[in-house]
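To start, the structure itself, in structure tokens.
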């Protein structure tokens with residue numbers, strides 16, 4: 001069976017789109033959170049490597065790469081280190097990355113401010129609506145915050 005130029009061009013386009021979609025999927029950021037307080041971040045992917053800092057429960061991290069059972073991660077300030085994979089979860093959390101931020105009763109700047117939050121406070125993400133996140137702090141307070149004051153700004 002002889003293929004036409006059009007058929008070859010069409011097939012080539014389909015294959016190229018498939019490869020691009022696979023590459024885009026691989027580029028999606030992976031965000032995780034720490035399972036408990038006092039988790040060690042290490043300089044290398046083993047328990048013999050130096051502890052460079054410790055993180056607390058629910059602290060959000062972005063996974064840059066994985067090696068064996070270890071994840072190389074970065075935080076909202078750009079600090080990097082290795083963490084053992086059983087110490088992280090897929091629970092979506094965010095951290096305030098500006099000096100102060102408003103938490104509102106709804107997903108608009110016209111909604112009332114219900115709290116003013118300081119840099120470094122961590123929230124669990126309940127819902128996303130456009131550029132707004134419905135977040136909760138230790139099940140004590142729930143409200144809406146604009147994603148520009150949170151890291152990651154899109155924790156999917």
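Here are a few things to note about the model shown:
- Only alpha carbons enter this Debye calculation for region 24-103, each as an equal point scatterer, and the log10 of I(q)/I(0) it gives at q = 0.12 Å⁻¹ is -0.34.
- Stokes-Einstein diffusion coefficient of region 93-151, Kirkwood radius over Cα pairs, 25 °C, 0.890 mPa s, in µm²/s: 225 µm²/s
- Neighbour-count ranking [beta-carbon atoms within 10 angstrom, fewest first] of 156, 66: 156, 66
- Shown for 99, 62: other C-beta atoms within 10 Å of each C-beta, ranked fewest to most, produce the order 99, 62.
Read-outs throughout are calculated quantities, based only on the coordinates presented, and are distinct from any laboratory measurement. This structure is a prediction, so every number in the text was calculated from the model and none was measured. In this analysis, Cβ positions are derived from the backbone assuming ideal geometry, glycine residues included, and neighbour counts consider all displayed protein chains.
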